[in-house]
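Since the structure comes first, as structure tokens, the remarks are kept for the end.
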Amino acid sequence: MAFALIISSSIRTTAGFSQRGGARLNRNSSKVSMSFFDDMASNFQRAFSTDSGSQYYTVGITGASGMLGSSLIDELEKQQTVNGKPVRIVKLSRSENVGTKTLGDDAITTLSWNPKATSAETVIEPEALDQIDAIVHLAGENVATGLGPLGFVGLRPWTDAKKAEILDSRVGPTRGLAKAIAASKTPTSFLVASGVGVYGSDFIGDAKPAVDESMDVSSTTGFLTDVSREWEAAGQDAGKNRVVNCRMGVVLSKNGGALAKLFPIFFLGGGGNVGSGNQYFTFISARDAARALVHTLTTPSLKGPVNVCSPEPCTNAEFTSAFGKVLSRPTILPLPGFVVSLLFGEMGDEMLLGGVRATPGKLSNSGFEFQHPTIEEALQSAVDETI
């Protein structure tokens, strides 16, 4: 409404100036003026709309089979509607041949997308994309595993080849989807996963305060910092559509991610502090992460970088103590820093011995309420939940 009043006021002001000057607008200049305002209105709709005009609210998800993608699908199914419409979930599946497909009435369906495509029309079927209200882009190479048959062990995983795979799996596909969205006939919100690693990994102890999205990240250092910056930049090719860089904290779930690897160790009583234990740990429960993504879908004012993390980051020592308490297990077997560096190399130094202390400024200010704000509540949720 406010935007319509601004436009109508501008038109009246222009007409008044013409009359006072004794001149009359000719038909062609009127068309030019109206075309200008039509373009403004179209750009405004793309930037703030969360609705394609369909009878469904359709959400496309890359990385849908992963832990966070599965959690998001579970939350969307629980909520059933988005913006007052039945939700339709489209799992975007990798394929070098996107083919043609019209979305039907199924609550969950699959659509091919080509992360290696270089042109907008070959990334995803254009007519199907026109029916999608939002794409949540979660796909990307695992940063904590190496390459080869023993890569899952994660020993010194960041070889040059692995680093290239991590970067290439994020930047190119994100740019391709962004270009396809820019070429779409209907507005599409683009939520792109990023990471709080963009703030650097030097949050050790209380010497450095917590940060939110207002922090300048142009000169922060570290491999994951560089990846996050390039990843976020690639999404800006979506044109006038709403783009949200979802800077994810560590998502806590026993079904995947870091916690799934730690769960059996702590369950057997083998847990303990890593290094000094003073490095900060920015986290979020899988349930709150999924809820936050749905909240972002339905809140058009959220755009640009948005921290998707708990409002109460903790230290590694606090995480260790809380996990032991939740599992009723001792946590007296520390992992010394030199062992971490020896076993895991640069990845260990940055992800395990380094720390991030981020808070969700934009999410909190937009009215989002966390169900599991503390580390103990988030860990209890991870143990109890099926996601």
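The values are calculated or read from the model by the stated rules, or taken from the named source; none is laboratory data. Predicted, not measured: the structure shown is a model, and the values here were computed from it. Counting neighbours? That spans all protein chains shown, and the Cβs are built from the backbone with ideal geometry, glycine included. Accessible surface is based on the protein model in full, side chains and every heavy atom, while ligands, DNA and RNA are left aside. Shrake-Rupley method; radii C 1.70, N 1.55, O 1.52, S 1.80 Å.
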Two-site label geometry, ALA164 and GLU346: point separation in nm, points 7 Å out along Cα→Cβ = 1.3 nm
On the protein heavy atoms, probe 1.4 angstrom, tell me the percent of accessible surface of region 79-189 carried by carbon and sulfur.
-> 50 percent
Ordered by number, the GluC sites (Glu not before Pro) in region 61-143 that occupy a DSSP loop and have at most 10 other Cβ atoms within 10 Å are GLU96
Residues with beta-carbon under 15 Å from that of GLU232, excluding GLU232: net charge, scoring Lys, Arg +1 and Asp, Glu -1?
-> +2
Cross-link partners of LYS163 among lysines (Cα-Cα below 20 Å; sequence separation of 8 or more within a chain) | LYS116
With a 1.4 angstrom probe the carbon and sulfur portion of accessible area for region 239-387, in percent, totals 59 percent
When you count, for each residue, the other Cβ atoms within 10 Å and take the mean per peptide, how do 57-64, 109-116 rank with the highest first?
-> 57-64, 109-116
Could you pull out every one of the aspartates and glutamates with an alpha carbon less than 16 Å from that of LYS101, ignoring same-chain neighbours closer than 8 positions?
-> GLU121, GLU125, GLU127, ASP130
Relative contact order, percent, of the chain when contacts are C-alpha pairs under 8 Å separated by at least 6 residues?
-> 17 percent
Solvent-accessible area per residue, Å², over the chain with all protein chains present [probe radius 1.4 Å] | 46 Å²
Could you please report the charge total around GLU141, scoring K, R as +1 and D, E as -1 over all other residues with beta-carbon less than 11 angstrom from its beta-carbon?
-> +1
Please figure out what share of the DSSP beta bridges in the chain is antiparallel and state it in percent, rounded to the nearest 5.
-> 15 percent
Which label in (1) 64, 64, 33; (2) 91, 43, 34; (3) 86, 47, 40 gives the computed Cα extents along the principal axes in Å | (3)
Cα-based shape type of region 213-316, given that a ≥ b ≥ c are square roots of the gyration tensor eigenvalues and the cut on a/c is 1.5 = prolate
What does the charge count near LEU129 come to, summing +1 for each Lys or Arg and -1 for each Asp or Glu among other residues with Cβ under 10 Å from its Cβ?
-> -3
Quick shape check on region 144-301: root eigenvalues a ≥ b ≥ c of the Cα gyration tensor, a/c under 1.5 is rounded, otherwise prolate if a/b tops b/c, else oblate, and it reads prolate
Would you mind computing, in nm to one decimal, how far apart the modelled labels at GLU369 and ASN83 are, each placed 7 Å from Cα along Cα→Cβ?
-> 2.5 nm
From the Cα gyration tensor of region 83-203, with a ≥ b ≥ c the square roots of its eigenvalues, which class applies: rounded if a/c is under 1.5, or else prolate if a/b is larger than b/c, or else oblate?
-> prolate
Report the residues of region 155-196 in range of a label on GLN236: point 7 Å along Cα→C-beta, backbone N strictly under 15 Å from it.
-> 175, 178-179
Proximal lysines relative to LYS325, as straight alpha-carbon distance under 20 Å, when same-chain residues fewer than 8 apart are discounted | LYS254, LYS261
One finds, for LEU155 and ARG229 with R0 = 25 angstrom and r their Cβ-Cβ distance, a FRET efficiency to the nearest 0.05 of 0.35
Residue separation times 0.36 nm, minus the C-alpha to C-alpha distance between PHE338 and SER65: what's the value?
-> 94.7 nm
For the chain, with a Gaussian network of springs between Cα atoms less than 10 Å apart, report the residue from SER218, SER228, SER71 with the top mean-square fluctuation.
-> SER218
